[in-house]
Amino acid sequence: SGQTLWVLALGLSPHSHTVGIPEFKYVGNMHGNEVLGRVLLLHLIDDLVRGYRNNETWSLQLLNSTRIHILPTMNPDGFDSSDTDCTYVTGRFNSRGVDLNRNFPDAFDALKKRQQMDEEKREAEVRAVMSWLKMESFVLSANLHGGALVASYPYDNSNGGSELMGGASVSPDNDVFIHLAKVYSYNHASMHKGNRCSDSRPFLEGITNGYKWYPLEGGMQDYNYLWAQCLELTLEISCCKFPPVSELPALWTENRKALRAFIQQVHLGVKGQVLNGSGIPVQNALVEVEGRPNLSPFQTDKHGEYYRMLLPGNYTFKVSYPGHKVLTETLNIPHGPDQFCAMKHDFRLRQVTSASGSTSAQPTQTPTLNPALNLEGGGAMNRQTWTGLVLIFGLSGVLRSLIN
């Protein structure tokens, strides 16, 4: 209906990316009648800013080490039409009657049908988020829902291939996803108990594989993981979709610690840049981890940066870029979240030399993703499809608004 989607960015350099500082995001109210996420994210903004102003250690550590993006409502039209009921679906969809969490490109659907809906036919809210993901190199994310109490992780869908294991659709980074889900569930006041909602199934430790819970096509968390290299969870944070106002303070208390702890996990694993033979950071270099055959291989961004969320341990990396020798290195990765910094490691490539001893010319084109997953020309997103205005404020601007 032409409403603006507002995003707030918090950090030392909120207006633009800083090399070495990971990008994190929370998205709320994707289903318009699931409103608690919208409220909690507004409280989280206030909590972060007040904590920073008061020199509280937790806030200083988060905001000095991370650029945090918060989109309180992805579906303002649905919210405006919502019924204040715990279970009804009035307001779930956008103003065109579309479920936004079924409207994203789906990798498994593409592999089955070999075709995709034209980008211009997608909903405005979805196009806005797709463009946002193209603008920022997000590392970790969560979208907040209601109607259950569980942390759900990819995959949400399957094409019946080798990813299906024991009724779950298992991604190559399944161990990391399980860890992330448990971080939220065990820092939540009761989610980890696993059976808190009377009308939903019990969830062991308060977590579930999305597909094992129920399959869905076109979900946002799979899209984030497969196309944007961003590990995302779906957090169901309340049994009631539209809780009474009187319950909001207690629900904030139940989720506050978990919301903070989950942001901190953006520092899990290893980060750095890939440098070419001349020592210059390069875009679209492939950074692959042995034993993790991602459907859409992880690539460096426009700053030549890569981020790989990994649990502590030894991992062998294979880094490749046209005109350069494939680099294989094994790294011992420590636990980074406690220090609010992932392990830093740059990969330095060597140019391929010809028989005459000269080095090969630099490529004029960068490699594309897996052809089976290319959408609209390799997944590129037209900036003109951006239909919602994203406004970004610094900490000083937020403080002024709070003081005023």
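The values are calculated or read from the model by the stated rules, or taken from the named source; none is laboratory data. If you're wondering where the values come from, they're calculated on a predicted model, not measured in any experiment. As a convention, Cβ positions derive from the backbone with ideal geometry for all residues, glycine included, and neighbour counts pool all protein chains shown.
When the range 210-222 is examined, which residues are found to be in a helix (DSSP H, G or I), hydrophobic (A, V, I, L, M, F, W, C) and under 14 Å from S169 (Cβ atoms)?
The answer is W213, and nothing else.
So K212 passes all but one of these: (1) under 23 Å from V176 (Cβ atoms); (2) surrounded by 24 or more Cβ atoms within 10 Å (Cβ to Cβ). Which condition number does it fail?
(2)
Which residues, counting only those in the range 300-326, are more than 16 Å from V176 (Cα to Cα), in contact with a Lys or Arg (Cβ under 9 Å, 6 or more places away or on another chain) and not in a strand (DSSP E or B)?
K325, V326
Is there a residue in the range 28-49 that is hydrophobic (A, V, I, L, M, F, W, C), under 30 Å from L275 (Cβ atoms) and in the same structural domain as V245 (by TED's automatic domain parsing)?
No, the range 28-49 contains no residue that is hydrophobic (A, V, I, L, M, F, W, C), under 30 Å from L275 (Cβ atoms) and in the same structural domain as V245 (by TED's automatic domain parsing).
Only one residue in Y52, Y26 is closer than 21 Å to E232 by Cβ and either among the charged types (D, E, K, R) or at pLDDT 95 or above (or both). Which one?
Y26
Give me the pairs: first residue in the range 339-362 and over 10 Å from G323 (Cβ atoms) and exposed (fewer than 12 other Cβ atoms within 10 Å of the Cβ), second residue of a type outside the set (D, E) and modelled with pLDDT of 60 or more, beta-carbon distance under 9 Å, and six or more apart or on different chains, which are they?
Sorted first by the residue in the range 339-362, then by its partner, the pairs are K344/G20; K344/V270; K344/K271; K344/G272.
Only strands (runs of 3 or more DSSP E) wholly contained in the range 223-299 count here; list those with 1 or more residues that are more than 30 Å from R196 (Cβ to Cβ) and under 19 Å from the mean Cα position of the chain (by Cα). Steps first, please.
Numbers: elements: 231-238, 270-275, 286-289.
It comes to 270-275, 286-289.
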